[in-house]
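The structure appears right after this line, and notes come after that.
The values are calculated or read from the model by the stated rules, or taken from the named source; none is laboratory data. None of the values given here were measured: they were computed from a predicted structure. Using ideal geometry, Cβ is built from the backbone for each residue, glycine included, and neighbour counts are taken over all protein chains shown. These area figures cover heavy atoms from the full protein model, side chains too; ligands, DNA and RNA do not enter into them. Shrake-Rupley method; radii C 1.70, N 1.55, O 1.52, S 1.80 Å.
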There are 4 protein chains.
Amino acid sequence: MVANRILGNEGVVDAFGHISIRRPENPERYFLACSRSPGLVKEDDIVEFDLDSNRLDGTNRAIYAERFIHGCVYKARPDVMSVCHSHAHAVVPFTVTNTPIEPIWVMASGSGAGVPNWDIRDEFPNEGTMLVVNDATGRSLAKTLGAGRVCLLRGHGAVIATSELKATVMASIGLMCNAAMLIQAHTLSQGRGDAAVKHLSPAEIESTNKILLGPLGLDRAWEYWRVRAGFPARDESR
Amino acid sequence: MVANRILGNEGVVDAFGHISIRRPENPERYFLACSRSPGLVKEDDIVEFDLDSNRLDGTNRAIYAERFIHGCVYKARPDVMSVCHSHAHAVVPFTVTNTPIEPIWVMASGSGAGVPNWDIRDEFPNEGTMLVVNDATGRSLAKTLGAGRVCLLRGHGAVIATSELKATVMASIGLMCNAAMLIQAHTLSQGRGDAAVKHLSPAEIESTNKILLGPLGLDRAWEYWRVRAGFPARDESR
Amino acid sequence: MVANRILGNEGVVDAFGHISIRRPENPERYFLACSRSPGLVKEDDIVEFDLDSNRLDGTNRAIYAERFIHGCVYKARPDVMSVCHSHAHAVVPFTVTNTPIEPIWVMASGSGAGVPNWDIRDEFPNEGTMLVVNDATGRSLAKTLGAGRVCLLRGHGAVIATSELKATVMASIGLMCNAAMLIQAHTLSQGRGDAAVKHLSPAEIESTNKILLGPLGLDRAWEYWRVRAGFPARDESR
Amino acid sequence: MVANRILGNEGVVDAFGHISIRRPENPERYFLACSRSPGLVKEDDIVEFDLDSNRLDGTNRAIYAERFIHGCVYKARPDVMSVCHSHAHAVVPFTVTNTPIEPIWVMASGSGAGVPNWDIRDEFPNEGTMLVVNDATGRSLAKTLGAGRVCLLRGHGAVIATSELKATVMASIGLMCNAAMLIQAHTLSQGRGDAAVKHLSPAEIESTNKILLGPLGLDRAWEYWRVRAGFPARDESR
């Protein structure tokens, strides 16, 4: 619940977008909010799903049409414990151009290098659909994500998947901040040749992630986001 | 009233700009606020007009000089039930350049493809006027809008017209967000050729609008905007 | 006092920048705040000066070093009743490049066309000064302002001078918003040739200003800015 | 403590970044917060360190891994009394491109001309590290800073070091604002040749700093930042 509100407050999601966790004691289940903007989610809005994204709450309140993003990633990636579907505005320009969204900022190393861009048109050219509302499109997206932590969705947003809720939030916010900085770096480098933008090297990404996605990095950042989203600093609820 | 405050809060309008609805039980009438910034409008600021934009409230408080935008669109388009005159800052750069404001983001499909840009100079070159303060300029604008949902106004803003208040708000906010993203996409694609920016296809626009402008999309977004504008989440007043 | 707080709230000024009015009943005097950020100014921070910018308050509290901007404009321009020294961040890029800050947006017509850019180096090349802290630099600036409403200061900000406090605020905010939009318009027009950015014509500027800088425009906008700055909507204090 | 909160509020730091002061009565000691986002720091979060960045507080609460930035600058620069490690987002694009971050704005003269950009890869190419978590990397950084006030860190942020806490805050905020403006100036000057962006001259920087980094400039700005960060205006606590 806290994670939902943090993402809403930082601008990773707006009216749309969502975040889920796999059920710790049962890897065949995941938790996701019902159909509300994440910034408004309350404790009792959380719904349990199986990995085919069937609801298990026995109610009929509205649920996210795009929950298949979560179910399909959990099916394809046993190591993933938390999935975010980001609508961060700064990320979208990279999904509709051929400019790679490589990490240039140390705090954004969570996304890793070589982030793929899934275009729903490639496998589903005749349907005109843009939304991941069934298992077939969800499987296609999970395949493009592969073994990575981040995959862009053309004209739409991104998926972020890691082994821990806080790391998923860190990578989602890092991706968004990095996107905004990278757009500005390209403004500066124009007329000077593309090579002028220095990306983090694979070794730098790996080395930084050991600290950033470890307890020292995650705890400091989590406290910061909690307070900004209106929660008390020290409590550990999520 | 809620719609006025939402538009003010999201930045679609500033001190200027406005939103109206056609009177449901009498298509020859529409409701629009008196001359106040939409973000400040209160219940009893709403005034009734006929389609020639004559006031029917029997008072003499100040009213919008540009109310003719609304009257003329309602006259030309029986299917339209709600009209927004947007002053969103991110939209204006597209009105003064030749760059089309095509939707690149799934949440912005409400504007449709091929958005026209009305330049008041084209039909009224000798008057120097920029404001739509009479029936002649309003008719000209409505003609350029044609059968679409969105028309830009050169050096000024945009008009958004749909069959429902919530859809007009959705399309107005989508247009603004898409504009900001598209400016950034052009920054990224410079030096790589214009073709690098991928627009939504007509089939994608149509397919997405079925969900986005249907109850699932509109209700989730409406709740989100209501709360951001300071209203309680669940109430259905507009 | 309200005007100070409005400018602080809208971002026209930050820790620095200021706004003054000429004393209505004595054109040889003007009122300006003591040395505080305009957003923090209170009623009893206002100090009276003569047109040589000598203080008349008999205290020794700190006052603005750059008050000579105001005194020199009032001396050179009997028609001017209110002067703003803007630090709006969006304006500064135009002061250090050769791109003219022509109005493209109808709400920004207050600045007029052909805004000059005063470079203190031109007349004072050997002093290294950037601040207008004496009569000589103030006179030079007023000369460049000429008969217009707006003059940029290279590497610094702008001066806005009109016949009325509210009109000075309107022109200051319009200049800032127009600057932000014009930067984006240039992003869009790059690779398409400069001619693609359409400025308001002189006739459009003149025609719009009749409404915008008249009571209908100023009162609606003033109420909007007042409320945003935390004042009640209807009171007429300034 | 106030300085921490100001930097958090203005966006110079986010979850990461920090500011320290040298102990006035013992130049072999400095004060720095424990491992929390600066915007959340409270009075009793401040920890004392020696110049080798060993903690002297006898507790085991988490401390900043990058405290060596501070210790190494204090060792190398006896004149420095306060050090800020900035994470300002607007600065990062300059650290990954070859565009110099020269001051163009009078309020940003605190950084001086010729700001160097330290790339940790240059001296430590095989470790993949990006963080300054030991004396060796800290010494390398301090060497690149040299006798100046500001040094960029590639892909990371900046270090700002001056003879006074308030001046360090002023230079940190000025650096950030100047970065944002300079990106926009480059947008405007593209297609017109780089020479079109006018930097402050060395004489202008020196002349302005006499006022800006003196009591008149620092006190006015400090009051402004204090109030924005939620503190009362007049108190002198830091």
Exercise. Any residue in the stretch D:12-32 that is touching a residue at least 12 places away in the same chain (Cβ under 8 Å), part of a helix (DSSP H, G or I) and either in contact with a Phe, Trp or Tyr (Cβ under 9 Å, 6 or more places away or on another chain) or open to solvent by 20 Å² or more (accessible area, probe 1.4 Å) (or both)?
Worked result: no
Seminar exercise, completed: Within the stretch B:141-162, of all residues that are out of contact with any strand residue (DSSP E or B) (no Cβ under 7 Å at 6 or more places or on another chain) and more than 8 Å from chain C (Cβ to nearest Cβ), the one nearest to residue B:108 (Cα to Cα) is B:148
Exercise. What number of residues within the stretch B:100-133 satisfy the criterion of being in contact with a helix residue (DSSP H, G or I) (Cβ under 6 Å, 6 or more places away or on another chain), open to solvent by 10 Å² or more (accessible area, probe 1.4 Å) and farther than 30 Å from residue B:203 by Cβ?
Worked result: 4
Exercise. Pairs under 8 Å by beta carbon, first residue small (Gly, Ala, Ser) in the stretch C:117-134, partner assigned to a loop (DSSP other than H, G, I, E, B), six or more apart or different chains?
Worked result: C:128/D:201
Exercise. Does the stretch B:1-56 hold any residues that are at pLDDT below 95 and basic (Lys, Arg), and which are they?
Worked result: B:5, B:36, B:42
Problem set entry | Subset of the stretch B:149-184 (residues that are under 16 Å from residue B:74 (Cβ atoms) and in contact with a Pro (Cβ under 7 Å, 6 or more places away or on another chain)) | B:151
Exercise. Residues that are hydroxyl-bearing (Ser, Thr, Tyr): which helices (runs of 4 or more DSSP H) entirely in the stretch A:91-163 hold 1 or more of them?
Worked result: A:92-95, A:135-145
For this session: Provide a single number: the residues in the stretch A:72-99 that are touching a Phe, Trp or Tyr at 6+ places or on another chain (Cβ under 9 Å) and open to solvent by 10 Å² or more (accessible area, probe 1.4 Å).
Result: 2
Exercise. How about the stretch D:141-185: which of its residues are polar (S, T, N, Q) and touching a residue at least 24 places away in the same chain (Cβ under 8 Å)?
Worked result: D:144, D:162, D:163, D:168, D:172, D:178
For this session: Check off (1) open to solvent by 10 Å² or more (accessible area, probe 1.4 Å); (2) on the phi < 0 side of the Ramachandran plot for residue C:150 and give me the number that stays unchecked.
Result: (1)
For this session: Name every residue in the stretch B:154-166 that is open to solvent by less than 30 Å² (accessible area, probe 1.4 Å) and out of contact with any Leu (no Cβ under 7 Å at 6 or more places or on another chain), in order of residue number.
Result: B:154, B:156, B:157, B:162, B:165
Exercise. Do we have any residue at all in the stretch D:101-111 that's in contact with a strand residue (DSSP E or B) (Cβ under 9 Å, 6 or more places away or on another chain), more than 14 Å from chain A (Cβ to nearest Cβ) and farther than 25 Å from residue D:5 by Cβ?
Worked result: yes
Problem set entry | The listed residue being touching a Pro at 6+ places or on another chain (Cβ under 8 Å) and among the hydroxyl-bearing types (Ser, Thr, Tyr), out of D:109, D:82 | D:109
Exercise. Among the residues of the stretch C:224-238, is any at the interface with another protein chain (Cβ under 7 Å from one of its Cβ atoms), touching a Lys or Arg at 6+ places or on another chain (Cβ under 7 Å), among the hydrophobic types (A, V, I, L, M, F, W, C) and farther than 25 Å from residue C:15 by Cα?
Worked result: yes
Exercise. (1) under 30 Å from residue A:129 (Cβ atoms); (2) within 15 Å of the chain's Cα centre (by Cα); (3) buried (at least 23 other Cβ atoms within 10 Å of the Cβ): which one isn't true of residue B:69, the others all being true?
Worked result: (1)
For this session: All but one of (1) closer than 24 Å to residue D:88 by Cβ; (2) open to solvent by 10 Å² or more (accessible area, probe 1.4 Å); (3) of a type outside the set (Gly, Ala, Ser); (4) modelled with pLDDT of 95 or more hold for residue A:169, so report the exception by its number.
Result: (2)
Seminar exercise, completed: All conditions in (1) in contact with a strand residue (DSSP E or B) (Cβ under 9 Å, 6 or more places away or on another chain); (2) within 14 Å of chain A (Cβ to nearest Cβ); (3) open to solvent by less than 10 Å² (accessible area, probe 1.4 Å) are true of residue B:176 except (3)
For this session: Run down D:138, D:155 and say which single residue is touching a helix residue (DSSP H, G or I) at 6+ places or on another chain (Cβ under 6 Å) and at positive phi.
Result: D:155
For this session: Collect the residues in the stretch A:35-62 that are assigned to a strand (DSSP E or B) and either among the hydroxyl-bearing types (Ser, Thr, Tyr) or crowded, with 18+ Cβ neighbours inside 10 Å (or both), keeping them in residue-number order.
Result: A:47, A:49
Exercise. Residues of the stretch D:181-222 being within 7 Å of another protein chain (Cβ to nearest Cβ) and among the aliphatic types (A, V, I, L, M), which ones?
Worked result: D:181, D:183, D:185, D:188, D:196, D:197, D:200, D:203, D:211, D:216, D:221
Exercise. Is it true that residue A:188 is open to solvent by less than 20 Å² (accessible area, probe 1.4 Å) and without any contact (Cβ under 8 Å) to a residue 12 or more places away in the chain?
Worked result: yes
